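Quick note: the coordinates plus some simple rules give every number you see, no bench work behind them. Predicted model only: the values in this text are computed from it and were never measured. Backbone-built Cβ (ideal geometry, glycine too); neighbour counts: all protein chains shown.
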Amino acid sequence: MKAPHRGEVWLVDLGLAAKVRPAPVLSILPGEKERSLATLVPHTTSLRGSQYEVPVKVPFLRPGAFDTQGLVTVPITRLVRLLGSLSPEQMKTVESGVRAWLGL
């Protein structure tokens, strides 16, 4: 399996209730002594109007938003398939939403 890089959007298995959904990788590549985990920002098409839903137009995703309130960290083995990548500007938009949610 290809190692997931920051900014790449992967189809990820988030478990039974959360389904399989696209999510960009927020974390950096783990070193060989670190756990093989990735932190992701799930994409949703079921919008609630939350300030933490960050809409970013991505040609390979249905209209929706990245749910920065729903950050998840999963084993890299749960990443199913690479879908594409966000541009640096798009990643900055997602990061801004994450910082707002975490109060950073």
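The simple spin-label model puts a point 7 Å past each Cα toward its Cβ; for Glu32 and Arg99 those points are separated by 3.5 nm.
The Cβ shell under 12 Å around Gly64 holds other residues with a net charge of +2, Lys and Arg each +1, Asp and Glu each -1.
Note on Lys92: aspartates and glutamates with a C-alpha under 19 Å away, same-chain residues under 8 apart excluded, are Glu8, Glu53, Asp67. Sites listed here are chymotrypsin sites (Phe, Trp or Tyr not before Pro) in region 1-96 whose DSSP assignment is loop and whose Cβ has at most 12 other Cβ atoms within 10 Å: Phe60.
Note that region 95-100 has calculated 3J(HN,Hα) couplings of 4, 4, x, 5, 4, 4 Hz, one per residue in order, obtained from phi through the Karplus relation 6.51 cos²θ - 1.76 cosθ + 1.60 (θ = phi - 60°); glycine and proline are x. For region 80-92, backbone phi angles converted through the Karplus equation (6.51, -1.76, 1.60; θ = phi - 60°) give residue-by-residue couplings of 8, 7, 6, 9, x, 9, 8, 6, x, 5, 5, 4, 4 Hz, Gly and Pro being listed as x. Between the listed residues Val25, Pro88, Ala100, the Cα displaced farthest toward the positive end of the dipole of the chain, a dipole computed from Cβ unit charges relative to the Cα centre, is found at Val25.
Residues whose amide H lies under 5 Å from that of Ala38, counting only those 5 or more places away or on a different chain, are Val74, Ile76; hydrogens are built 1.01 Å from N in the peptide plane.
Treat every Asp and Glu Cβ in the chain as -1 and every Lys and Arg Cβ as +1, leave all other atoms uncharged, and give the resulting dipole magnitude about the Cα centre to the nearest 20 debye. The partial results should precede the final answer.
Values: 13 positive and 8 negative charges, 36 e Å.
So the dipole magnitude of the chain works out to roughly 180 debye.
May I ask you to derive the relative contact order of the chain, considering only C-alpha pairs under 8 Å and at least 6 residues apart, and to give it as an integer percent?
Values: 193 pairs, mean separation 31.9, N = 104.
Rounded, it is 31 percent for the chain.
Between Thr45 and Asp13, the simple label model (points 7 Å from Cα in the Cβ direction) yields a spacing of 2.2 nm.
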